[in-house]
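Worksheet: the structure to be examined is printed underneath.
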Amino acid sequence: MVRRVAIVGAGVSGLAAIKCCREEGLEPTCFERSEDIGGLWRYAEHVEEGRASIYRTVFTNSCKEMMCYPDFPFPDDHPNYMHNTKLQEYIRKFAEQFDLLRHIRFKTLVTKIKKRPDFSVTGQWDVVTEKEGKKETEVFDAVMICSGHHVYPNFPAASFPGIQKFKGCYFHSRDYKEPEKFRGKKVLVIGLGNSGCDIAVELSTVASQVYLSSRSGSWVMSRVWEHGYPWDMKIVTRFQTWLGTVLPRALSDWLYVRRMNRPFKHENFGLMPVDGTLRKEPVFNDDLPSRIACGVVVMKPNVKEFRETSVLFQDGTLQEDVDVVIFATGYSFSYPFMEDDSIIKSRDNNITLYKSILPPQLEKPTLAIIGLVQSLGAIIPTSDLQCRWAVKVFQGRWKGMSWANDPGEMCQKEPCLLSPQRYGTSNTLQMDYITYLDELATAIGVKPSLPKLLLTDPRLALEIFFGPCTPYQFRLTGPGKWSGARRAILTQWDRTLG
């Protein structure tokens, strides 16, 4: 019988885990190595070991209606897209509203998580923690790892020939905080992800020149979409998901490329993805095209070789007098506290998790990895539903196959997980956002029934199908039902315009 649950990390996923455990009558204990909640979104002036690091000007890429906890909308006075400090305010209000802070042990580092000798019978774990030099071991019935995947930088400097000879400064984007120290410099940013584009645009206001190097290109989207509405409220809908399943693949791909090229033709800006039909997460940046058009950001292909003060690119062009190189090359997942790292990491750094949550090789399903996913949707509602599903699994109350069957085989049969043909390859698990959430929601009995709603509440049914798939939909019915969900859905556009 699962009772005590250890939670690693007090970011947005860790807080969801605490709340979900409490809703099911479990006893959560959350271990947070820093002195505050917020995880990735808590800005610090200096990089802190073992926790995510963001730069001062980070804003959200999902709007407030799409990224809130499903039973806790953002205050009306919050803008659609928020600065990290504004989001941190919301996170703190959420923790206070649901009395979550008393379950968190701050400044406590998890140093080891290992199976107990009788794990095959009990499913229990030994969790070793350290606080102020003092170590402590406790037994837990289940573990939820909510430490995220933006902590350990993927820094492939050694794979770039000549980097040792380069006399300028180079570092990973994790160490970037603000632009002033780069005033008047020539800066090369490597990596066309969200961080790389943000940093390149910001530096273009102070640097003498910014170069942005991309290996394979990317779609670039504005947060502000048709008629000034948030992009995700227009695109992330059940109707759009349904269209993607019923249209022929060739037509679906053509429509996708046409939609992504609508604001501007990516080919003309040196941004066109190598495979434009892949549904990989696009870059969200409202200013990059204009920065390129103004010449203050210059697009470059992949780096071929570094020299003492210059950089040679794959197209044969040589850029002289480069002062700084910033590697915005993303992150690798790592869980150094796991005694047996094969539980999570498998061959070639690929991950196999049942429902993108449970390691399939465990004899008992009492370890959940929360938030190790990537999709065209916000992480907060994703983590919330993952936590609700995981807690049901811990308690043996889920509508799925028995864990006594082969979970490894179950993983291979899952339709919405990693699909290289549609989403490309990544260290995080990629899937279609709505399809994935619906799978979890169905298993725990909280997916809204559109046929039933069409008969009983047609206005709500139409908003759910044609409108944005906001998180409130997963608190309309079933366990964890929230009485304000219907009203929140029917007034979501009002709050956006307000």
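The values are calculated or read from the model by the stated rules, or taken from the named source; none is laboratory data. Remember, predicted model here, so these are calculated numbers, not experimental data. Here Cβ is always computed from backbone atoms with ideal geometry, including for glycine, and neighbour counts include all displayed protein chains. The protein model used for the area step is the full one, side chains on, heavy atoms only, and it has no ligands, DNA or RNA in it. Shrake-Rupley method; radii C 1.70, N 1.55, O 1.52, S 1.80 Å.
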The lone exception for Asp99 - which of (1) touching a Phe, Trp or Tyr at 6+ places or on another chain (Cβ under 8 Å); (2) surrounded by fewer than 17 Cβ atoms within 10 Å (Cβ to Cβ) it fails: (1)
The stretch 212-240: number of residues that are farther than 25 Å from Gln492 by Cα, open to solvent by less than 40 Å² (accessible area, probe 1.4 Å) and not aliphatic (A, V, I, L, M): 5
Filtered residues of the stretch 438-486 (kept if in contact with a Ser or Thr (Cβ under 7 Å, 6 or more places away or on another chain) and closer than 11 Å to Leu385 by Cα): Val446
Strands (runs of 3 or more DSSP E) lying entirely in the stretch 283-386 (those with 1 or more residues that are over 20 Å from the mean Cα position of the chain (by Cα) and crowded, with 16+ Cβ neighbours inside 10 Å): 297-300, 303-306, 311-313, 324-327
Residue in the stretch 164-171 that is under 28 Å from Ser222 (Cβ atoms) and either open to solvent by 40 Å² or more (accessible area, probe 1.4 Å) or free of Cβ contacts under 8 Å to residues at least 12 places away in the same chain (or both) present: no
Cβ pairs under 7 Å, 6+ apart, first in the stretch 22-51 and farther than 13 Å from Val8 by Cα, second open to solvent by 50 Å² or more (accessible area, probe 1.4 Å) and hydrophobic (A, V, I, L, M, F, W, C): Glu35/Phe106
Every residue from the stretch 54-71 that is of a type outside the set (Lys, Arg) and in a loop (DSSP other than H, G, I, E, B): Ile54, Tyr55, Thr57, Val58, Thr60, Asn61, Ser62, Cys63, Cys68, Pro70, Asp71
Leading residue by the ranking (farthest from the chain's Cα centre (by Cα)) among those in the stretch 135-153 that are at pLDDT below 95 and open to solvent by 60 Å² or more (accessible area, probe 1.4 Å): Tyr152
Residues being in contact (Cβ under 8 Å) with a residue 12 or more places away in the chain, assigned to a helix (DSSP H, G or I) and out of contact with any Gly (no Cβ under 7 Å at 6 or more places or on another chain) - total across the stretch 79-92: 5
Residues of the stretch 241-263 that turn out to be of a type outside the set (S, T, N, Q) and either open to solvent by less than 30 Å² (accessible area, probe 1.4 Å) or in contact with a Lys or Arg (Cβ under 6 Å, 6 or more places away or on another chain) (or both), as a count: 4
Filter pass, Pro273 being surrounded by fewer than 17 Cβ atoms within 10 Å (Cβ to Cβ), touching a residue at least 12 places away in the same chain (Cβ under 8 Å) and assigned to a loop (DSSP other than H, G, I, E, B): no
Output for the stretch 180-189, where each listed residue is open to solvent by less than 30 Å² (accessible area, probe 1.4 Å) and of a type outside the set (Val, Ile, Thr): Phe182, Leu188
Selected residue (only one of Leu288, Leu243 is under 19 Å from Asn302 (Cα atoms) and of a type outside the set (S, T, N, Q)): Leu288
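Here's the yes/no breakdown for (1) within 30 Å of Pro179 (Cα to Cα); (2) open to solvent by 10 Å² or more (accessible area, probe 1.4 Å):
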position	(1), (2)
Ile18	no, no
Gly25	no, yes
Leu40	yes, yes
Asn61	yes, yes
Pro70	no, no
Lys86	yes, yes
Arg105	no, yes
Odd one out for Trp482 among (1) under 18 Å from Phe72 (Cβ atoms); (2) among the aromatic types (Phe, Trp, Tyr); (3) in a helix (DSSP H, G or I): (3)
Single condition Glu45 does not satisfy, out of (1) in contact with a helix residue (DSSP H, G or I) (Cβ under 9 Å, 6 or more places away or on another chain); (2) part of a loop (DSSP other than H, G, I, E, B); (3) open to solvent by 10 Å² or more (accessible area, probe 1.4 Å): (1)
Residue count for the stretch 110-129, restricted to those that are in a strand (DSSP E or B) and open to solvent by less than 60 Å² (accessible area, probe 1.4 Å): 8
